[in-house]
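Below is one structure; the comments refer to it alone.
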Amino acid sequence: MKKAIEIKETTEFEEKREIEKILAIIHSNYRDIHNHNELEKTVHISAAECSRLLRKYLNVTPMEYIRQHRITMACRLLEETNLSLSEIAKVCGMNPSYVSLRVRERTGLSPMSYRRYHLRKRQQ
């Protein structure tokens, strides 16, 4: 029985290391990954295995994780830069209307209202 527990712990440790590797690669390449084929080429494991691991540990699909990360980065750029919405969308690998929609869904504010809110917050 002890052997089975050791195998399970080893497997979980290896899976968590693989997840960390996948996330690091996604964070570096999120702009360029738009489908499962690009994901496989970028992370060098099958899309099915990547999906299994992300669902198991983060409860999201790889593409959903990438979309969430893109919006996180867009929000950060709205907060920290003076880039236009079009420039931010391009940097994040999305179109401006999609960025606007997702920022509004996440924050309850339009992108420009979100930027103004954070600008005022920094000035206080």
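The values are calculated or read from the model by the stated rules, or taken from the named source; none is laboratory data. All figures in this text were calculated on a predicted structure; none of them were measured in a lab. Positions of Cβ are backbone-derived with ideal geometry, glycine not excepted, and every protein chain shown enters the neighbour counts. For the accessible areas, the whole protein counts, side chains as well, though only heavy atoms, and no ligand, DNA or RNA atoms are used. Shrake-Rupley method; radii C 1.70, N 1.55, O 1.52, S 1.80 Å.
Determine, for each peptide in 87-94, 35-42, the mean count of other beta carbons within 10 angstrom over its residues, then list the peptides with the highest first.
On the way: 87-94: 18.1, 35-42: 14.6.
Ranking, from highest mean packing down: 87-94, 35-42.
Simple spin-label model, 7 Å along Cα-to-Cβ: Asn82 to Arg55 in nm? With each label point 7 Å from Cα toward Cβ, the separation is 4.7 nm. As a ratio to 2.2 N^0.38 Å, the alpha-carbon radius of gyration for the chain is 1.31. With helices as the sole contributors, the chain gives -26000 deg cm²/dmol at 222 nm; each DSSP H run of n ≥ 4 counts as -39500 (n - 2.57), and the sum is divided by every residue. With both labels modelled 7 Å from their Cα along Cα-to-Cβ, the Arg120 to Glu105 distance reads 2.6 nm.
Looking at the square roots a ≥ b ≥ c of the eigenvalues of the Cα gyration tensor of the stretch 32-77, which shape do they give, rounded for a/c under 1.5, prolate if a/b is larger than b/c, or oblate?
On the way: a/c = 2.93, a/b = 1.42, b/c = 2.06.
Because a/c hits 1.5 or more and a/b fails to exceed b/c, the stretch 32-77 counts as oblate.
Here the gap between Glu64 and Glu14, fully extended at 0.36 nm per residue and compared with their Cα-Cα distance, gives a gain of 15.7 nm.
Accessible area per residue for the chain in Å², computed with a 1.4 Å probe and the full protein assembly in place, what is it?
Ligands and nucleic acids excluded, the figure is 65 Å² per residue.
Here the accessible area of the chain is 51 percent carbon and sulfur, with a 1.4 angstrom probe and all protein chains present. How much length is gained on full extension from Lys21 to Ser113, taking 0.36 nm per residue of separation minus their Cα-Cα distance? Gain on extension, Lys21 to Ser113, equals 29.6 nm. Each residue was assigned an accessible area with a 1.4 Å probe, and for Arg106 the value is about 120 Å².
Could you put Val43, Val60 in order of accessible surface area, largest first, with the 1.4 Å probe and the full protein assembly present? Walk me through the numbers before you get to the answer.
Values: Val43 0, Val60 25 Å².
Reading off the accessible areas and sorting them downward yields Val60, Val43.
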